[in-house]
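The structure appears right after this line, and notes come after that.
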Amino acid sequence: MNRRQLILIGTAALAVGWSSQTITAEERNDPGLITAMPNAKVTLQQALTTAAQEGQPISAKFEFEDGKLQLSVYTAKDGKFAEVLLDYVNGKLAKTEAITEGEDLAAAKAQSAAMLKAKIDLKTAADKAAGQNAGFRVVSVTPELKNGHAVASVGLLRGEQLKAVEQSLE
């Protein structure tokens, strides 16, 4: 899996229905994700709680990959990183894979560094973003450092409308 990030600015962001916040490439106006999300019975916040059994959650997202909906949480524990896949219908752990190389490892390190400065966890940030955006469902939460401050980019979905909001982690 690849956690590349895409920054959409100005009219390009408006054209795909996103604000100008940082969003993951997989989320941007993904018709597969939009179509599959009603099948997900588990919230991203529930997945964060379950994945915490494997380590500190450092990011999470629903994604549509290889024609299937997936629920993925990156975790950090004892200086090591893992991707935890959960069943999006019942919330049970499906598989845990070590993250040891490439772009996924670089992303996990950056997310972990952001979480070291965070004063609240990702579930709390996702809950706040959902509470401030009535009717939207959280589909991703990714921490980063901005000007030395920990923030999370929270992807939200309502119907076919996707948007990203920034939520302070401090």
Fill in: Criterion (at pLDDT 95 or above and within 14 Å of the chain's Cα centre (by Cα)) met by exactly one of ALA113, ALA82, ALA152, ALA106
ALA152
Worksheet item: Which of the residues spanning segment 85-98 are farther than 17 Å from LEU122 by Cβ, in contact (Cβ under 8 Å) with a residue 40 or more places away in the chain and among the hydrophobic types (A, V, I, L, M, F, W, C)?
Response: VAL89, LEU93
Practice prompt. Out of LEU44, LEU71, report the one residue that is farther than 17 Å from ILE120 by Cα and of a type in the set (A, V, I, L, M, F, W, C).
Written response: LEU71
Fill in: Neighbours by Cβ (under 9 Å, 6+ apart or cross-chain): first from segment 142-165, under 15 Å from GLU63 (Cα atoms) and in contact (Cβ under 8 Å) with a residue 40 or more places away in the chain; second buried (at least 17 other Cβ atoms within 10 Å of the Cβ) and basic (Lys, Arg)
THR142/ARG3; THR142/LYS61; GLY155/LYS61; GLY155/LYS163; LEU157/ARG137; LEU157/LYS163; LEU162/ARG28
Worksheet item: When the residues of segment 58-84 are filtered to those that are touching a residue at least 40 places away in the same chain (Cβ under 8 Å) and acidic (Asp, Glu), which remaining residue is nearest to ASP30 (Cα to Cα)?
Response: GLU63
Worksheet item: For segment 125-170, which residues satisfy the criterion of being among the hydrophobic types (A, V, I, L, M, F, W, C) and part of a helix (DSSP H, G or I)?
Response: ALA125, ALA126, ALA129, ALA130
Worksheet, complete the sentence: Of the listed residues (ALA108, ALA76, ALA60), the one being part of a helix (DSSP H, G or I), within 19 Å of PRO143 (Cβ to Cβ) and touching a strand residue (DSSP E or B) at 6+ places or on another chain (Cβ under 9 Å) is ALA108
Response to the item:
Condition set among the hydrophobic types (A, V, I, L, M, F, W, C) and assigned to a loop (DSSP other than H, G, I, E, B), scope segment 30-56, selection surrounded by the fewest Cβ atoms within 10 Å (Cβ to Cβ): answer is VAL42
Discussion item. When you check VAL141 against the structure, is it within 13 Å of the chain's Cα centre (by Cα), modelled with pLDDT of 95 or more and farther than 21 Å from GLN70 by Cβ, yes or no?
Written reply: no
Worksheet item: Can you find even one residue in segment 125-143 that is loosely packed, with under 14 Cβ neighbours inside 10 Å and among the hydrophobic types (A, V, I, L, M, F, W, C)?
Response: yes
Practice prompt. Answer with yes or no whether THR96 is surrounded by 15 or more Cβ atoms within 10 Å (Cβ to Cβ), more than 16 Å from the chain's Cα centre (by Cα) and either small (Gly, Ala, Ser) or assigned to a strand (DSSP E or B) (or both).
Written response: yes
Item to complete: Have a look at VAL139, VAL151 and point out the one that is among the hydrophobic types (A, V, I, L, M, F, W, C) and closer than 14 Å to MET115 by Cα.
Response: VAL151
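Does GLU83 satisfy being in contact with a strand residue (DSSP E or B) (Cβ under 8 Å, 6 or more places away or on another chain), surrounded by 14 or more Cβ atoms within 10 Å (Cβ to Cβ) and charged (D, E, K, R)?
yes
The values are calculated or read from the model by the stated rules, or taken from the named source; none is laboratory data. All of these numbers come straight from a predicted model, not from anything done at the bench. Every residue, glycine as well, gets a Cβ built from its backbone with ideal geometry; the counts of neighbours run over all protein chains shown.
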